[in-house]
Structure formats: structure tokens, C-alpha cells
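Read through the structure below, which is laid out as C-alpha cells, and then see the notes.
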Amino acid sequence: MADIYEVGVVGSGIMGAGLAEVAARAGHEVVVRSRTTAGADDVLARITKGLDRQVKKEKMTADERDAILARIRVTDHLGQLATCDLVIESVVEDLEIKKALFAELEQIVKPGGILATNTSTLPVVELAMATQRPELVCGIHFFNPASMMKLVEIVRPVTASDDTIARAVAFAERCGKDAVTVEDRAGFIVNALLFPYLNNAIRLSENGTASMESIDTAMQGGCGFPMGPFALLDLVGLDTSLAILDALYAEFRDPNYAAMPALRRKVAAGQLGRKSGAGFYTYD
Ligand SMILES: NC(=O)c1ccc[n+]([C@@H]2O[C@H](COP(=O)([O-])OP(=O)(O)OC[C@H]3O[C@@H](n4cnc5c(N)ncnc54)[C@H](O)[C@@H]3O)[C@@H](O)[C@H]2O)c1
């Protein structure tokens, strides 16, 4: 089983930044690709800010922060990922965009390099079939915030080799995560179970059963959840949440996965949650 040293991350949003930090903390050389130089600078600034906070709270030393940052390079050129042993794609949850990206990565990344996706729901096999190396394609699904959440789902499309899955599991474990292996079905384990709950929370609020504040308070106090469903939807991002529900519904046709109109309208209005400053709640 070949070791993974250099890790590429494509996408510099919420998850791209988190993945880069987690991989660099685990000792990997990391290169993060954003589409623009401004995006590349911004992702490095966000990672630095997060690590500075850790230093301030005395959870890490300044030397440790500097060593982690020294392992992260940012770029706006996909070609910089050529030497990576593993590339994790973490761009917008859109199958056509991801397929085009996998076809491009196929041309760029060295032979033997694993091409993984951080998709929440989309069919990994379709990304595998966009490449000439389907045996080297799998899902490596981190959770948000990536530096804090213990779980990683390793998604096995029917095309993946056992060696690819074993290397993906070893990578997740080296990052300090608990890895579970799951078949390539929309939503995998966590989102297949979580999203009917989130969607039904919107239904409950829409039909006047309770306010969203009451629903959030109830699920925290009554179930011991760290945050309620509306706060969680805002954290995940409402566009990402809608894409997840649409993919689940497309695959299973279960009415619990049919996205509530209120969610679709908020996304249409550009209210995407924390990342845009407003979603179900507003943020400074
Ligand atoms: N947000 C979560 O809680 C969460 C958790 C686990 C996995 N994911 C998955 O991670 C991936 C990224 O989600 P995120 O929350 O970081 O989203 P985000 O909106 O924060 O970031 C999306 C990124 O995609 C880029 N992008 C947009 N259009 C693009 C295009 N046409 N080509 C290339 N790049 C493009 C954006 O510039 C941005 O860097 C998605 O597949 C999502 O399902 C999200």
C-alpha cells in the first residue's frame, strides 16, 4: 500500500479550508487550489485566522501554527496538483461541475494518484467514470467543521479497488479521524439520516407548530444535540443543504427528501446561511 505524502485540495470554501488544515496538521504537504488568486489568498487568511485563535486559547504553540502553515501552499493553477498522491475535490455540490473537474484532474495528476471527492450526496461512481482511473476514485467525506468533527465517511463506488479504499481509510486515520466505509448511495450514512430531520424541522415551522427558535431549543434540550436544526442548516449552507436534498430525492423519491419550498426560496434570494451573513438566522 503506497503512502500518501502530498495532498491536493480543490475548492477553497468552508470545507476546502478545513480539509487543508486537517491534512497539514497530520503532517502532509498540502496544496490548495482556488479558481482565483484572491480566493487562494483568502483561504490562507482564513486558515491562519483559525490557527491564531488556537494559539490564543493555548491549544497550540506559535511554533506548531507556523509549522502547519509552512506545509500549506495555495495556488490558482490546477497544474500545481500534478505531484499529489491524493487530491480531494471540495467544490460546489454540482454533479456536472465535479465531473468536468475530475476529467481535468485525470489529465494533470500523476499516475497512481487517488482522486477523491468530499461530496455530501452525489454518485461517486459518475466521477470515477469521468476519469481513466476509476479504480483510484472514492469519496472521502469530512464533516463541518473538519478540524473538530471526528467522523470521515469513506465512500466506495463499485469501481474502486480495495487498495484505494484501504489507503483512504489510512489517510483519514492519520488525520486523527474515525473512518467508516459506506457504499455509494446518495447521502451515504449521515446525510441520508440527517436531512429528513432537517427538512421536517422546516415543515414544522412552516405549518405553524412552533417557531424555529423553539424548535432549535427543543432539539438541543430534548435530544442533547449541540445545535438545533435551523442553526445546523445555516452552518452547512442553505445552497449545499438544498443540493443534498435534491440529490437524495432524485435517488430515492422519498417525500421526506423533497426540499421544503421555504429552503428553495431562501437559496434563490441568496440567503445561504452563515457564509452569506443570513439564512434562517442573521449573522454579523
Ligand atoms: N458545508 C458542509 O457542511 C459540508 C460538509 C461536508 C461536505 N461538504 C461538501 O463539500 C463540498 C464543498 O462545500 P462547501 O460547504 O465548502 O461549499 P462553499 O460554498 O463554502 O464552497 C464551494 C467552493 O466551490 C467553488 N466553486 C463554485 N463554483 C465552482 C465551479 N464552477 N468550479 C470550481 N469551483 C467552484 C467556490 O469558489 C468555493 O470555493 C460540497 O461537495 C459539499 O457537499 C459540505
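Say whether the condition of being touching a residue at least 40 places away in the same chain (Cβ under 8 Å), loosely packed, with under 14 Cβ neighbours inside 10 Å and small (Gly, Ala, Ser) is met by at least one residue in region 178-186. No: zero hits. For region 22-43, a tally of residues being within 19 Å of the chain's Cα centre (by Cα) and within 13 Å of the ligand (Cβ to nearest atom) returns 9. Here Arg46 fulfils each of the conditions (1) within 16 Å of the ligand (Cβ to nearest atom); (2) more than 15 Å from Ser147 (Cα to Cα) apart from (2). Every condition in (1) over 20 Å from His77 (Cβ atoms); (2) more than 14 Å from the chain's Cα centre (by Cα) holds for His141 except the one numbered (2).
Each residue in region 240-267 was checked for being crowded, with 18+ Cβ neighbours inside 10 Å, of a type outside the set (A, V, I, L, M, F, W, C) and in contact (Cβ under 8 Å) with a residue 60 or more places away in the chain, and 2 of them qualify.
Are any of the residues in region 205-217 closer than 21 Å to Phe143 by Cα and within 16 Å of the ligand (Cβ to nearest atom)? No, there is no match, as no residue in region 205-217 is closer than 21 Å to Phe143 by Cα and within 16 Å of the ligand (Cβ to nearest atom).
Can you confirm whether Met149 is within 12 Å of the ligand (Cβ to nearest atom), out of contact with any Asp or Glu (no Cβ under 9 Å at 6 or more places or on another chain) and open to solvent by 30 Å² or more (accessible area, probe 1.4 Å)?
On the way: within 12 Å of the ligand (Cβ to nearest atom): yes; out of contact with any Asp or Glu (no Cβ under 9 Å at 6 or more places or on another chain): yes; open to solvent by 30 Å² or more (accessible area, probe 1.4 Å): yes.
Criteria met by Met149.
Beta carbons closer than 6 Å, at least 6 apart along the sequence or on distinct chains, pair a first residue in region 195-212 that is within 21 Å of Tyr249 (Cα to Cα) with a second that is polar (S, T, N, Q) for Pro196/Asn256. The sole residue among Gly228, Gly270, Gly237 that is within 16 Å of the ligand (Cβ to nearest atom), on the phi > 0 side of the Ramachandran plot, surrounded by 15 or more Cβ atoms within 10 Å (Cβ to Cβ) and modelled with pLDDT of 95 or more is Gly237.
Of all residues in region 120-139, those satisfying the criterion of being open to solvent by less than 10 Å² (accessible area, probe 1.4 Å), within 14 Å of the ligand (Cβ to nearest atom) and in contact with a Phe, Trp or Tyr (Cβ under 9 Å, 6 or more places away or on another chain) are Thr121, Leu127, Gly139.
The values are calculated or read from the model by the stated rules, or taken from the named source; none is laboratory data. Keep in mind that what you see is a predicted model, and the values were worked out from it rather than measured. Counting neighbours? That spans all protein chains shown, and the Cβs are built from the backbone with ideal geometry, glycine included. Heads up: the accessible areas ignore ligands, DNA and RNA and are worked out on the full protein's heavy atoms, side chains in. Shrake-Rupley method; radii C 1.70, N 1.55, O 1.52, S 1.80 Å.
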